[in-house]
Amino acid sequence: MTAIDIHAGQPASAEAATSVPFGMFQAIDGEDWPTLAAMFHPTAIYERPGYAPLLGRDEIMEFYRNVRNVRVGRHQVVDIVQDADTVVCQGRFSCHTKDGARLNAEFCDIYALKDGQIRRRKTYFYKETV
């Protein structure tokens, strides 16, 4: 599969262009916090490795503004599967951490939507363990 650079123009299809991950990753990578906040339902839950579940839009935004150990990062979407209220997104993320380390990761996100907003997001990172 070919990664889609969400910052380099239109995604590969009209469906992908309207998919939640594209807008969310553009907002995260651009530190556009008002746009990102509007994408999450007020009672959203975000689960990701290494952190307790983030409960509610305010806690999620606190994570992005002040807790997340990323100085600058960039997402690339590899694949998206979407139906009415569920989206699954596979991609790559590269970043510089706040202490200057360079990291690259493959991820998979699962989203549950409500009223066009993210109600639940769960992130998995690929890590070789076996």
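Worth pointing out:
- Scan of segment 104-130 for residues that are of a type in the set (Ser, Thr, Tyr) and surrounded by 12 or more Cβ atoms within 10 Å (Cβ to Cβ), ordered by number: TYR111, THR123, TYR124
- Filter pass, GLN76 being over 15 Å from PHE40 (Cβ atoms) and in contact with a helix residue (DSSP H, G or I) (Cβ under 8 Å, 6 or more places away or on another chain): no
- Residues that are hydrophobic (A, V, I, L, M, F, W, C), within 12 Å of the chain's Cα centre (by Cα) and surrounded by fewer than 16 Cβ atoms within 10 Å (Cβ to Cβ), drawn from segment 34-91: VAL88
- Matching option when the condition is farther than 24 Å from THR43 by Cα, touching a strand residue (DSSP E or B) at 6+ places or on another chain (Cβ under 8 Å) and of a type in the set (Phe, Trp, Tyr), among TYR111, TYR126: TYR126
- Filtering segment 47-67 to residues that are charged (D, E, K, R) and over 15 Å from ASP109 (Cβ atoms) leaves ARG57, ASP58, GLU59, GLU62, ARG65.
- Residue count for segment 10-27, restricted to those that are more than 18 Å from GLY116 (Cα to Cα) and either at pLDDT 95 or above or crowded, with 17+ Cβ neighbours inside 10 Å (or both): 1
- Some residue of segment 31-53 being of a type in the set (Ser, Thr, Tyr), part of a strand (DSSP E or B) and modelled with pLDDT of 95 or more: yes
- All positions within segment 103-123 that are among the aliphatic types (A, V, I, L, M) and in contact (Cβ under 8 Å) with a residue 12 or more places away in the chain: ALA105, ILE110, ALA112, LEU113, ILE118
The values are calculated or read from the model by the stated rules, or taken from the named source; none is laboratory data. Predicted model only: the values in this text are computed from it and were never measured. Counting neighbours? That spans all protein chains shown, and the Cβs are built from the backbone with ideal geometry, glycine included.
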